[in-house]
Every structure is written in C-alpha cells, then in structure tokens.
1. With θ taken as phi - 60° and the coefficients 6.51, -1.76 and 1.60, list the Karplus ³J(HN,Hα) couplings across region 58-63 in order, rounded to whole Hz; mark glycine and proline as x.
2. Evaluate region 13-68: find the radius of gyration of its Cα atoms, find its Kirkwood radius, and give the ratio Rg to Rh.
Amino acid sequence: METMEQTGNVMASEPGLARLRGDCARMAPHWVVPAEAGPAPVPPSRIHGVSVPPDSVRLIATMSEYGD
C-alpha cells in the first residue's frame with residue numbers, strides 16, 4: 001500500500017516522479033499518431049502583399065530582444 005503524506009493542501013503519494021513516468025510509458029502505446037503531418041510551410045517567395053501597420057512596427061521596435 002502506498003503511503004500518503006500531506007504537503008500544504010496537496011496530498012503527495014510516493015514514489016512520485018517514478019510512478020508518473022511509469023504511467024506515461026504504459027499509456028504511450030495507446031496514443032494515436034496522426035496519419036499525416038500538417039501542411040508544408042509556404043515558401044517566402046509565394047507570400048505577397050503583407051503589410052504591417054505603423055503602430056505595430058513602433059511597438060515591436062521598442063521591445064527588448066526577449067520581449068517585455
């Protein structure tokens with residue numbers, strides 16, 4: 001029988017991560033794999049008429065490299 005211990009308001013059971021990994025490994029064969037991948041990406045040469053509003057350009061230009 002598993003032991004249960006209370007951590008704050010959450011009940012934690014042992015062995016924790018090891019049990020979760022085992023549960024996932026047992027379920028993996030049941031997961032369905034899609035028959036085909038999504039559509040291929042469109043090459044940039046086929047993209048025409050894209051416009052970006054000036055306000056959006058200013059917003060992006062003022063953000064740091066990793067976003068704000």
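1. Computed from phi, the couplings for region 58-63 are 5, 4, 5, 5, 8, 7 Hz.
2. 1.31
The numbers here are math on the coordinates, done by the rules we state, and not lab data. Small disclaimer: the values here were computed from a predicted structure and weren't measured.
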